There are 2 protein chains.
Amino acid sequence: MNEPLTLSVADEELALLTDLYQLTMIQAYWKEGIHDTPATFSLFFRQLPPSRRFILACGQQHAAAKLSQLHFNDAAIEKLASTGRFDDDFLNWLANWRFSGDIWTVPEGTPLFPHQPLLEVDAPIAEAQLLESLIMNLVQLETVLATKAARIVWAAGNRPVVDFGMRRVHGIDAAVRGVRAYKTAGLNGTSNVLGGLRHDLPLSGTMAHSYVLAHDDEPSAFRAFARHYPNTTLLVDTYDTLEGVRHVIDMLRDLPDLSVGAVRLDSGDLGQLAGKARALLDDAGFTDIKIIASSGLDEHGIAELVAQEAPIDAFGVGTQMGVSADAPVIDLSYKLVEYAGQPRAKHAPGKISLPTRKQIYRRQDAAGRYIGDTIAQRDDTHIPGEALLSPVVQNGVIIPDTMAQAHQARARVADALPRFPASVTALEQGESDYPVELSDTLKHLSSTV
Amino acid sequence: MNEPLTLSVADEELALLTDLYQLTMIQAYWKEGIHDTPATFSLFFRQLPPSRRFILACGQQHAAAKLSQLHFNDAAIEKLASTGRFDDDFLNWLANWRFSGDIWTVPEGTPLFPHQPLLEVDAPIAEAQLLESLIMNLVQLETVLATKAARIVWAAGNRPVVDFGMRRVHGIDAAVRGVRAYKTAGLNGTSNVLGGLRHDLPLSGTMAHSYVLAHDDEPSAFRAFARHYPNTTLLVDTYDTLEGVRHVIDMLRDLPDLSVGAVRLDSGDLGQLAGKARALLDDAGFTDIKIIASSGLDEHGIAELVAQEAPIDAFGVGTQMGVSADAPVIDLSYKLVEYAGQPRAKHAPGKISLPTRKQIYRRQDAAGRYIGDTIAQRDDTHIPGEALLSPVVQNGVIIPDTMAQAHQARARVADALPRFPASVTALEQGESDYPVELSDTLKHLSSTV
């Protein structure tokens, strides 16, 4: 096999993870001598997916920090030279390039609505353009997954949710960085060893059907596993869920030195089975054995089980969360909104963007409830509310202590979501009545640019 | 910011990209002394997504080759030790572990149907289990993307299709390995520099709206870009598509030393605009300038434009292909089907799996048309048709010349798809009438295990 077997993409290779046109446009700017013209690009989305009422911005500070350090190493320059599309002089400039601009972001874990920037880059146009494709790729992944996961955590209320989805997500990076998004959204654990270790989310795991099938019968499998792992979770549905629960009970009666922390239900009518399993366990005196449910769960399935008051103590979620199956894409745009000090806007049908550098103000009432946002020009003054965008990179350098770590972002999400009206956090398809307005000056500017 | 800024996952870290329960189960097998029991795991899917009529197996040989070399390095062992879940003796065993089993796969680029294995692992149970989570993650990504891309290429007929989706896919790995899947499926180019260079798919790029907005007006932008890049593609819809086309025509009349290869339409009614743009270009004598269309296209949008005979010469596709939006997941299963020489099967409701090691036979008629498949036991003999599964790793070692490179897989796809009945390649939702049967012996075994 002559194909390279390498799967990894080293951080030093990331400068080449871009769309070709970024580099050809930049070469054109450079030849025209306008590559240093100051510009602002804004990262936002024009509309929500039908199945979303807010987007949880995630990854934008992480991406900003990373991208402020982007550069083209010798190997990258050589590869670009090999395409025959770039002049040596330009490649020399590119080899010496370091990001010199500013990046503003909302904090990680901020719920946002259409046309609100997640991030703005103020930089010479060539530099802002160099970041575009990678910034979009990086931010979209974490934002899509965190948004989905936040809905799932919301649906589960105070019951823990654990990520079991590593095998279903789209590749290695999604598996690992996904855990960061899940942590931000409020998940309580992950089965993903590398992701959990890297992003400091507790590891969690039970057993697979194959373990049961590898033993002569279910009771033998349960006994063996429980001997190795006191207080473990046993998967009870390989043959028949309630029969499996009975096997657990029989084992604990026969072998009182063994202990079981939980049983996991992974198929069938989870609500009904949980009720029956709970009754079996309680009747046998095992009131402290918890019930964990998994199997194709998403926020709707979880909300239904919670509404039924199914006696489920924790949820395991995989596929639906791992690819955000009902909204795998947020249609992020990274648009030129200011150039050479002048506001710019694109007018193509259905693809309107708001001109100029922006700020978002979020207002609270006396009880701390969010009552509305104003999207304003960055230098609009006297607008009430908390300003959400702030600089995290200045003159190409990360500003110390401006970026939230994932555990801080997580606290922010937990604090913010309950402050919104129920129409924002509702899970069913529909639109919220949360008011998001343009400031008068931005409204005026939008109609004239 | 104390969080690590590293985004990359090195190949040496991949052994930890697994679900915790794999490692706890393996430790249990090891303690029970049954970790060496021979087992076979089969990677298959139980049902097609509603919007798919076949799955294009992709990445399974690449994954098999990679996973045959998996091992836990010192750093990985230390990290596992830090979790406090593993005994030193077991970690010693794990540190010395190398894969010793066999892996069978269908060739990359093979269209498959439910219950047909993409891959089977014959190995001591602990080893087969060690590969599970990563094999599923790796194979699912390329298979999901290749399946979607194959539908798009099929819809486009003989018109080239180019990948513009790097910014929308789920992270870095999906962006880079996605290009391998697109190449297999038959795409003609990609805008993704790193992905295209690594997987040898031609780079392609046009220009962005921001380039137009960074100039005083559209004609200035067109002139500047065309001067830098003879025969380039100009994006004509920043303000008004047909006005943009007129600006191209005017420029070429005024400055006959400039040349333009194509115009790109990126918004509005693409079919109608393509017709009008074609007429404007032809009337002006520029019959050789091609028209490229993009903007939210998927196989259905492309099929409609092709059916309308819209004068579009090539399609650019991004978001819909990049996340396989209408089917972001294939519900792959990796199940124990044989253990200690005995067939095994899971019987949980709705999650039936077929026991034992398998082979797939695909039959052709005299004209080379595929007429039906038989799923058989691996040692079933005298079953007509081409056997699709063959070994690519034996005793832990890659068998030379057994694995298709992406360009060979691509040729295989192009050859195979037209041989299927139209009900398999049809794009609309529905089921094909392609017959897939079980061999008599497998049928008998399935009803008795």
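A few points about this structure:
- Among the protein heavy atoms, those of B:SER447 account for about 90 Å² of accessible surface (1.4 Å probe, every chain in place).
- Dipole magnitude for chain B: computed about the Cα centre from +1 point charges on Lys and Arg Cβ and -1 point charges on Asp and Glu Cβ, it is near 660 debye.
- Cβ-derived FRET efficiency at R0 35 Å, A:GLU12 paired with B:ASP87, nearest 0.05: 0.40
- Each of B:GLN308 and A:ASP250 was given a label point 7 Å from its Cα along the Cα-to-Cβ line. The distance between the two points is 6.7 nm.
- Whole-number accessible area per residue in Å² for chain A, which is evaluated in the context of all protein chains at 1.4 Å: 34 Å²
- Distance between region A:1-46 and region A:175-214 - C-alpha centres, whole angstrom: 33 Å
- Inverse mean reciprocal Cα-Cα distance (Kirkwood Rh) of chain A, Å: 24.3 Å
- For the protein assembly as shown, a Kirkwood radius taken over Cα pairs fed into Stokes-Einstein (4 °C, viscosity 1.567 mPa s) yields D = 45 µm²/s.
- Partner chain coverage, peptide A:334-341 - average Cβ within 10 angstrom: 3
- With a simple spin-label model that places each label point 7 Å from the Cα along the Cα-to-Cβ direction, the separation between A:VAL397 and B:VAL397 comes to 5.7 nm.
- The alpha-carbon of B:LYS443 sits under 27 angstrom from the alpha-carbons of these lysines, leaving out residues fewer than 8 places away in its chain: B:LYS335, B:LYS346, B:LYS351, B:LYS358.
- Fluctuation leader among B:HIS71, B:HIS228, B:HIS115 - chain B, Gaussian network, Cα springs under 10 angstrom: B:HIS228
- The radius of gyration of the Cα set in region B:155-322, together with its Dmax, comes out at 15.8, 46 angstrom.
- Highest-MSF residue in chain A out of A:ILE152, A:ILE77, A:ILE360 [GNM, Cα springs under 10 Å]: A:ILE77
- Fully extended contour minus Cα-Cα distance, from B:ASP216 to B:HIS382, at 0.36 nm per residue: 52.4 nm
- Each Lys and Arg Cβ is given +1 and each Asp and Glu Cβ -1; about its Cα centre, region A:148-322 then shows a dipole of about 820 debye.
- Distances, shortest first, from the label point of B:ARG363 to those at the same position in the other copies read 7.4 nm; the point lies 7 Å along Cα to C-beta.
- Inter-copy label distances at A:PRO38 (7 Å, Cα→Cβ; nm, one decimal): 7.4
- Considering only GluC sites (Glu not before Pro) in DSSP loops that have at most 12 other Cβ atoms within 10 Å, the longest stretch of chain B without any of them is B:1-308.
- Protein heavy-atom accessible area occluded, A/B pair - total, 1.4 Å probe, Å²: 10200 Å²
- Across the identical copies, how the B:VAL449 labels are spaced - nm, sorted shortest first, 7 Å along Cα→Cβ: 6.3
- Set of region A:202-240 residues, backbone N closer than 12 Å to the point 7 Å along the Cα-Cβ line of A:SER259: A:229-232
- Volume of the Cα convex hull of region A:127-212, divided per residue and given in Å³: 110 Å³
- Rounded to the nearest 10 Å², the accessible area of A:CYS58 at probe 1.4 Å: 0 Å²
- The gain in end-to-end length when the B:LYS443 to B:ASP36 segment is fully stretched comes to 143.6 nm, 0.36 nm per residue minus the alpha carbon separation.
- In a DSSP loop and with at most 13 other Cβ atoms within 10 Å, the trypsin sites (Lys or Arg not before Pro) in region A:46-152 are A:ARG98.
- Relative to the current alpha-carbon distance between B:HIS71 and B:ILE352, full extension at 0.36 nm per residue lengthens the span by 97.9 nm.
- Bridges between two residues of the protein assembly as shown, per DSSP, are antiparallel at a rate of about 65%.
- Computed over chain B with a Gaussian network model linking Cα atoms closer than 10 Å, the most mobile of B:ALA414, B:ALA307, B:ALA64 is B:ALA307.
- Accessible surface of region A:193-328, 1.4 Å probe, proportion on carbon and sulfur as whole %: 46 percent
The values are calculated or read from the model by the stated rules, or taken from the named source; none is laboratory data. All of these numbers come straight from a predicted model, not from anything done at the bench. Neighbour counts are summed over all protein chains in view; Cβ atoms, including those assigned to glycine, are modelled from backbone coordinates with ideal geometry. Heavy atoms of the whole protein, side chains included, go into the accessibility calculation; ligands, DNA and RNA do not. Shrake-Rupley method; radii C 1.70, N 1.55, O 1.52, S 1.80 Å.
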